[in-house]
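Below: the structure, in structure tokens.
The values are calculated or read from the model by the stated rules, or taken from the named source; none is laboratory data. All figures in this text were calculated on a predicted structure; none of them were measured in a lab. FYI the Cβ positions are ideal-geometry reconstructions off the backbone, even for glycines, and counts take in every protein chain you see. For accessibility, only protein heavy atoms count, side chains too; no ligands or nucleic acids. Shrake-Rupley method; radii C 1.70, N 1.55, O 1.52, S 1.80 Å.
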Amino acid sequence: MKKRHFGLAVCVLPALYLLLSPVYALLNYDLFAAEAPHFVRYVVIPGLLAACFLVLGLFARPNLSILAGVCGSSILLGLFLFEAMHTVTAVSVRLGMFGQLSEAQAETLRRNDNMVPGFTLRYLNRVSGTDELPEALLSGFPAAEVVLCTSGDGVVSYTADRYGFNNPDDLYDDPLDLMLLGDSFVEGFCLPPGDDLASQLRAGGIRTASIGIRGNGPLTELAALGRFGEILRPRRVMMVFFEGNDWENLERELAVPWLRTALSPDADFGLQSAVQNAMRQARSSLPEHRNAAVTSVDLLTRTALFRNFVALQQTLTRLGLVYPKITPSNPEFRRILHRAKQLTESWGGSFTLVYVPRIDRFMGPFSSDRPFDPLRIKVLGAAAAEGIEVIDLNPAIRAQADPLLMYAPDAHFSRTGAEFAASEILRRVGAATPGSRQLPGQVVENE
């Protein structure tokens, strides 16, 4: 009898854990169970495995149920140890992304009044009390030294140009060939000056302005185009869409009434000279923010660290077994592309969409594009419907011998990735841009 009870107990343990997946998926049905592949992955498969353990625990011979339960529990323990190892590494990377400073680095930051920690425009507009698009902050702080991230090697930062972006200020002395709209991938997250995407394009002979700030989504990028496009009038505009979070960022942006007005055909995007008071107010809020220590506790409140640990997120990602959330339809994205193209063409420029895949596509022996492609299909379909050229980096990166080299540990572009993305863009537009030269690289045709 004791053996049977022990067998049942060790079988129930993995069964209960496996049941967490279908329970969570069904509670969040629209995100994890509303489509057949997700339903099979998050409900059917773990549910059947849990049922097998329960049947073995209840009805199998004690020796068999003990063997099955001990094996299942041991495998589960091993997976959690593997997850813990990678979570420790992820914590150090995340703290660097949030700008954790050593005591010496913090003292340097306190002494340098011109150095500011990384920020999002969403944060700046919140602290400045923005409620109208013409008054919104759509750039960073001119001439400020902006911290991108911190690491054991020190602080990675850049000196912002006259508009508050990561460019050399003399870039604007001559007409621009290209304006890049985007988030941290365009800002050059955690890449030293000269290694980011815009710098790599400039090295290829195309005068490129990075109009990107971390946390931006497509609607904020449209607003930035509306304000700075007419001033800079580049020959080309490219919106860099990152499939990892831009769709979710767009959902949050559309919930902001003043930002949503950027979709209007007669939207007033405002003048940069008119937002100086709001910029000073936002800047004054940063000293308190920059002196606050970033700790591991912040990861629990600002990220889904605990939930991801329980879900074995790091482990399953490395096995290629993680499916992203189900992508809801969002017709406003096509409206954004339509309006961005319209704005660009108003001064005779051309508009292009650049699609950047997430690192998860290329991790693990079972990695594949199928779980991630619904979003890609929606984004590329919206661009096609508007007659917009697309530079899709997914097939080009997939064709490389080791796609993971394109990404840093924080899942942004590595220097190699930024250089590769620049070479793909140059290959498509370099020949049509006066004075440009192509970067070396393997020719890969886009789908």
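Quick notes on this structure:
- Of A255, A262, all but one fail to be under 23 Å from L225 (Cα atoms), open to solvent by less than 30 Å² (accessible area, probe 1.4 Å) and modelled with pLDDT of 90 or more; the exception is A262.
- Unmet requirement for I377, which otherwise passes all of (1) buried (at least 16 other Cβ atoms within 10 Å of the Cβ); (2) over 22 Å from G215 (Cβ atoms); (3) free of Cβ contacts under 8 Å to residues at least 60 places away in the same chain: (1)
- Restricting attention to segment 339-368 and to residues that are farther than 20 Å from L31 by Cβ and among the charged types (D, E, K, R), the residue that is most open to solvent (accessible area, probe 1.4 Å) turns out to be E345.
- Test: residue in segment 237-246 that is more than 26 Å from D410 (Cα to Cα) and in contact (Cβ under 8 Å) with a residue 12 or more places away in the chain: yes
- Restricting the first member to segment 54-80 and to residues that are over 13 Å from A9 (Cα atoms) and touching a residue at least 24 places away in the same chain (Cβ under 8 Å), and the second to residues that are buried (at least 16 other Cβ atoms within 10 Å of the Cβ) and hydrophobic (A, V, I, L, M, F, W, C), the beta-carbon pairs closer than 6 Å and six or more apart or on different chains are L79/L312.
- Criterion violated by M179 - all others in (1) among the aliphatic types (A, V, I, L, M); (2) in contact with a Pro (Cβ under 6 Å, 6 or more places away or on another chain); (3) surrounded by fewer than 23 Cβ atoms within 10 Å (Cβ to Cβ) satisfied: (3)
- Of all the numbered requirements in (1) hydrophobic (A, V, I, L, M, F, W, C); (2) under 23 Å from S184 (Cβ atoms); (3) over 26 Å from the mean Cα position of the chain (by Cα); (4) at pLDDT 90 or above, L121 misses one, and that requirement is (3).
- Just one residue in the set L133, L64, L79 is touching a Leu at 6+ places or on another chain (Cβ under 9 Å), within 22 Å of N249 (Cα to Cα) and either open to solvent by 50 Å² or more (accessible area, probe 1.4 Å) or modelled with pLDDT of 90 or more (or both); that residue is L133.
Conditions tested, residue by residue: (1) within 25 Å of L181 (Cα to Cα); (2) assigned to a loop (DSSP other than H, G, I, E, B); (3) of a type in the set (S, T, Y); (4) modelled with pLDDT under 90.
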site: L300; (1), (2), (3), (4): no, no, no, yes
site: L316; (1), (2), (3), (4): no, no, no, yes
site: R339; (1), (2), (3), (4): yes, no, no, no
site: T352; (1), (2), (3), (4): yes, no, yes, no
site: P374; (1), (2), (3), (4): yes, no, no, no
site: A382; (1), (2), (3), (4): yes, no, no, no
site: V390; (1), (2), (3), (4): yes, no, no, no
site: P409; (1), (2), (3), (4): yes, yes, no, yes
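- Picking from residues in segment 249-280 that are among the hydroxyl-bearing types (S, T, Y) and over 15 Å from T130 (Cβ atoms), the one that is nearest to the chain's Cα centre (by Cα) is S264.
- The residue that is modelled with the highest pLDDT, among those in segment 357-372 that are closer than 19 Å to F32 by Cβ and either hydroxyl-bearing (S, T, Y) or within 15 Å of the chain's Cα centre (by Cα) (or both), is R358.
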